[in-house]
Amino acid sequence: MTTSPQPPNEPTDPLGRTGHEHASHGHAAGGAEGPSHSHGSPDHGQGHGHGHGHGHSHGHGPAAPVSKHLRKVISAVLIPFAAAVCVGMVVLWPGGAPAHERTGVGFDRQTQQGKVVALSNVDCKSVNASQVPPTGSTPAPDGRGAQAGSCKRATVEVGTGPDKGRVFFEIVQPGAPRQLEKDQEVVVAYAPDAPRDLQYSVIDLNRKFPMALLAAVFAIAVVVVGRMRGLFALIALVVSFGVLTLFILPAILQGSNPLVVAVVGASAIMLIALYMCHGLTARTSVAVLGTLVSLLLIGLLGSLFIGWAFLSGNTDDNTGLIHGLYPNIDMSGLLLAGVIIGSLGVLDDVTVTQTSAVWELHQADPKMGPRALYRAAIRIGRDHIASVVNTLVLAYAGAALPLLLLFSIANSSMGTVANSELVAEEIVRTLVGSIGLVASVPVTTALAALVVSADRPGPAGAPAPAPARGGRGRRRKR
């Protein structure tokens, strides 16, 4: 019985990985996705001396390194791109959001934490109009104020801030959407310029504990199922939110061009998330290139159609408040920035999936050329396109469901609904993002097919990659 020579240890290449990746063992490494195919030759299993009746190639990274020339080409593209992203972040770094005087409108209010310490029933008709406005109350359609019946009078204690321990009262009408209970944690707004009896009011409930518990369950589920990859995905998620809150949002508030900020920030998120989750491999580098091309296409199409459709980006109370506080912000540019950032997450999924499909097909049949690889992988991509586009449309429709209900109540035609700016923004956002997703499939598939097909055996005397070694074993048997 002859034993196959063990390949020498090779350093991991940041783009191509090593050509063997423990290929001399008959079991999958921890975290591997499993073998892509089974050789099934008896002499192959005995040659390892382990008792396994199959050989394999690992699924957690490229089975063979990319040729040295292609590594140089990929590096020549990605390294300047990464350097440009770093320079852009340094130049545009805001150093925090600009200070401003609070208006007391909408989200721009001083808030503190509070707690309902007592609750009693009162007659709604006996509530004096000079008291604190009822929580959650809205004027009736006929203009009447407080409702008839039994209201609740909540005693609320301020739990944070300079007035900690101060008590105020809140009237809750029976039909209010937000009802209060005793010992319930609440969020209170503070208006220092108002009369003392009206300075504090309940504006929301404290949901920190259930939200934190849900986040913990999510994190545990990701780590249990994804293991180390799940852990790295969570770290990448935290970093992505860090880039969003520490760079993108403050930079836009400082007056930087929203489109430029979004492109730089989205590129940073893409590089960090993809390489952290999938490793410094040629496979990941191809996914990065495919994502970059698709983001550029989304930016161009978004800029064209947002301007062509005269979308201002100022369509609701929140955007109106932003424009009032920071009139120098380009609201249409902010809309375009949202389109780019919103498309990034789904783009990552599509490009990584397509690249992995090409690599796995190449491992299953190393003789496949770039054209055959492209044709096989694009069939997988078509299924992915159908599901992703449907997901995007339904996601936006679900988010805009209350608005669509209002149009339905008004018996508005589909043309009227689509022509309104609020709906037109979502249509442009959905269609532009979907076009970028559709384009990412053939672009990424073609790049991956060209790169993986360009692999060449090493120089004379060098150990051959794992798939080629398995193929020679089968030919010897025949």
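The values are calculated or read from the model by the stated rules, or taken from the named source; none is laboratory data. These figures come from a predicted structure and were not determined experimentally. Neighbour counts are summed over all protein chains in view; Cβ atoms, including those assigned to glycine, are modelled from backbone coordinates with ideal geometry. Just the protein is used for accessible areas: all its heavy atoms, side chains included, with ligands, DNA and RNA removed. Shrake-Rupley method; radii C 1.70, N 1.55, O 1.52, S 1.80 Å.
Observations on the structure shown:
- Residue in the stretch 309-317 that is of a type outside the set (D, E), open to solvent by less than 30 Å² (accessible area, probe 1.4 Å) and under 22 Å from the mean Cα position of the chain (by Cα) present: yes
- Qualifying residues in the stretch 410-423 (those that are within 22 Å of G313 (Cα to Cα) and surrounded by 10 or more Cβ atoms within 10 Å (Cβ to Cβ)) - the one farthest from the chain's Cα centre (by Cα): T416
- Identity of the residue in the stretch 248-258, open to solvent by 50 Å² or more (accessible area, probe 1.4 Å) and part of a helix (DSSP H, G or I), that ends up modelled with the lowest pLDDT: L253
- Taken together, R283, R229 contain a single residue that is basic (K, R), under 20 Å from the mean Cα position of the chain (by Cα) and either assigned to a helix (DSSP H, G or I) or modelled with pLDDT of 90 or more (or both), which is R229.
- Sub-9 Å Cβ pairs linking a first residue in the stretch 302-329 that is within 23 Å of G436 (Cβ to Cβ) to a second residue that is surrounded by 13 or more Cβ atoms within 10 Å (Cβ to Cβ) and aromatic (F, W, Y), at least 6 apart or interchain, are L311/F305, ordered by first then second residue.
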